[in-house]
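Structure record follows, encoded as structure tokens.
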Ligand SMILES: N[C@@H](CC(=O)c1ccccc1NC=O)C(=O)O
């Protein structure tokens, strides 16, 4: 199922029957990816007195409750509501769902004992490209990213200067395979989040950050179309499923 997209001055061809899903699913297991010091997600039959919402326990249907946190347990997309006192909902702020995207791969560099993504690394990889969405895959890229328990591991993060550059390029949707764009323990500074949303100026309300993606090695760096949608929760963040389509 092929389609042609006219965007700005060009035409692009993509094949809708070849989606490249870069999300991490949420399962109710201890092996589920996790960050921010909370329990694993739970997916279990709803109970009420003698009632157990599971066909194997005699119910007519499977009727499961789910407990999870979007920031901790899988691919999620967040808006400025993640760092603002005023409530902002990702479901209300994400209005479009297809974007020209660039996939890049970066080995974070060591600085003061941390692993960081720098402005120079981004500049070299992006050259003269101006994508609306930027997908950053970090190296090493092992499949253990699907199950990693990130709490207290000080994962790599994006330097403020690098995020200022991303904002200056007018990237509206940033996707990373990390639990956060900021340092795990930064005393609430959130420098990269604040730079991305232009928090101290005219706030970029429709800009989004997607964390905990997984871009497998078979997906090459380059230009794609991205379909990005969230489960319609009125919350700062919601589970999402970013899907790439190769430009043919
Ligand atoms: N680094 C922050 C915490 C933080 O970034 C955070 C905490 C809970 C859930 C998500 C977080 N950041 C995600 O992007 C701090 O040390 O206060």
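Over all directions, average the projected area of the Cα convex hull of the chain and note it in nm².
16.1
Under 14 Å from a point 7 Å along the Cα-to-Cβ line of residue 170: which residues of the range 1-39 have their amide N that close?
8-9, by backbone N distance to the label point.
Taking the Cβ-Cβ separation of residue 231 and residue 62 as r and a Förster radius of 25 Å, what is the calculated FRET efficiency to the nearest 0.05?
Values: r = 19 Å, r/R0 = 0.76.
It comes out at approximately 0.85.
Which of rounded, prolate, oblate describes the range 167-207, given a ≥ b ≥ c as roots of the alpha-carbon gyration tensor eigenvalues and a/c under 1.5 marking rounded, otherwise prolate only if a/b is larger than b/c?
Oblate.
What fraction of the DSSP beta bridges in the chain is antiparallel, stated in percent and rounded to the nearest 5?
Close to 70 percent.
Under the rule of -39500 (n - 2.57) per DSSP H run of 4 or more residues, summed and divided by the residues of the chain, what mean residue ellipticity at 222 nm is obtained, to the nearest 500 deg cm²/dmol? Intermediate values should be presented prior to the final figure.
On the way: 4 runs with 27 residues, N = 248.
Result for the chain: -2500 deg cm²/dmol, rounded to the nearest 500.
Given axes a ≥ b ≥ c from the Cα gyration tensor, I'd like to know whether the range 117-248 is rounded (a/c under 1.5), prolate (a/b larger than b/c) or oblate.
rounded
What residues of the range 52-68 lie in the reach of a label at residue 97, counting those whose backbone N is under 16 Å from a point 7 Å from the Cα along Cα→Cβ?
Nothing falls inside the zone, counting backbone N under 16 Å.
Given a 10 angstrom Cα cut-off, can you work out which residue in 185, 124, 145 is the most mobile in a GNM of the chain?
124
If I take every Cα pair under 8 Å that is 6 or more residues apart in the chain, average their sequence separation and divide by the length, what percent do I get for the relative contact order? It would help to have the intermediate numbers written out before the result.
On the way: 541 pairs, mean separation 70.8, N = 248.
It rounds to 29 percent for the chain.
Once you have a ≥ b ≥ c as the square roots of the Cα gyration tensor eigenvalues for the range 174-248, tell me rounded if a/c is under 1.5, and otherwise prolate or oblate according to whether a/b is larger than b/c.
Cα axes put the range 174-248 in the prolate bin.
When the chain is treated as a GNM, springs tying every alpha-carbon pair under 10 Å, which of 157, 12, 165 comes out with the largest mean-square fluctuation?
Judging by the Gaussian network model, the answer is 12.
How big is the C-alpha Rg of the range 1-93 next to the rule-of-thumb value 2.2 N^0.38 Å, as a ratio? All intermediate terms of the calculation are to be shown ahead of the outcome.
Values: Rg = 20.0 Å, N = 93, 2.2 N^0.38 = 12.3 Å.
After normalising by residue count via 2.2 N^0.38 Å, the value is 1.62.
Rounded to the nearest 0.05, what FRET efficiency do residue 86 and residue 25 have when you use their Cβ-Cβ distance and R0 = 30 Å?
0.40
Every number in this text was worked out from the coordinates using simple rules, so none of it is lab data. Source: prediction; values computed, not measured. Please note: Cβ atoms are built from the backbone with ideal geometry, for glycine as well, and neighbour counts cover all protein chains shown.
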